[in-house]
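Everything below concerns the one structure shown next.
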């Protein structure tokens with residue numbers, strides 16, 4: 001089939017299409033190519049602009065949604081297609097794919113023995129407290145100071161990196177300081 005197509009379909013120069021290149025503009029283009037005169041080039045550009053402006057006014061004046069909405073909608077679609085940016089050749093990455101990748105990369109191993117050891121130490125510390133007064137609540141300043149002293153690029157706990165915490169906004173810092181204060185007061189890390 002390809003051999004028959006090469007044999008029977010003529011190949012050659014395909015002329016480039018220039019919108020609104022009428023007889024007058026075509027003659028001006030020939031004169032410019034022969035002489036190279038910049039005045040003819042200016043006249044050619046002005047003539048092309050005038051022809052395009054005339055064609056635009058003619059197309060928009062004929063738009064009638066009540067009589068022929070199909071032609072008007074087709075024109076609007078063509079104009080919209082010309083305004084759309086070119087599609088990128090890079091594959092699109094969804095936010096869910098990025099989040100799934102981050103979760104997969106940042107998973108820390110769960111050590112049950114170490115967690116049990118910390119719980120037991122916390123219970124013994126609470127039992128050793130002589131007066132059962134509640135500790136003072138954490139302030140935002142204390143929380144910010146603790147974050148500043150934390151080393152970056154350390155191993156995450158519960159999939160939360162130090163860099164995430166250091167870039168929190170003021171509302172999140174306030175919420176976390178209240179959350180940690182509640183943990184100290186109730187000895188529980190359940191949700192607020």
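Bear in mind these aren't lab numbers, they're just calculated from the coordinates by the rules spelled out. What you see is a predicted model, and the numbers here were worked out from it, not measured in a lab. Ideal geometry is used to build each Cβ from the backbone, glycine not excepted, and the neighbour counts take in all protein chains shown.
As an exercise, use a Förster radius of 41 Å and the Cβ-Cβ distance of residue 104 and residue 76 to find the FRET efficiency, rounded to the nearest 0.05. Approximately 0.35, to the nearest 0.05.
Starting from the Cα gyration tensor of the range 17-81, take the square roots of the eigenvalues, sort them a ≥ b ≥ c, and report rounded, prolate or oblate (rounded when a/c is under 1.5, otherwise prolate if a/b is larger than b/c, else oblate). The shape class here is prolate. Here the label points at residue 41 and residue 121, each 7 Å from Cα along the C-beta direction, are separated by 8.0 nm in the simple model. In this simple spin-label approximation, residue 178 and residue 31 carry label points 7 Å from Cα along the Cα→Cβ vector, and these lie 8.0 nm apart. Residue ranges 38-50, 114-126 sort as 38-50, 114-126 when ordered by packing (mean number of other C-beta atoms within 10 Å per residue, highest first).
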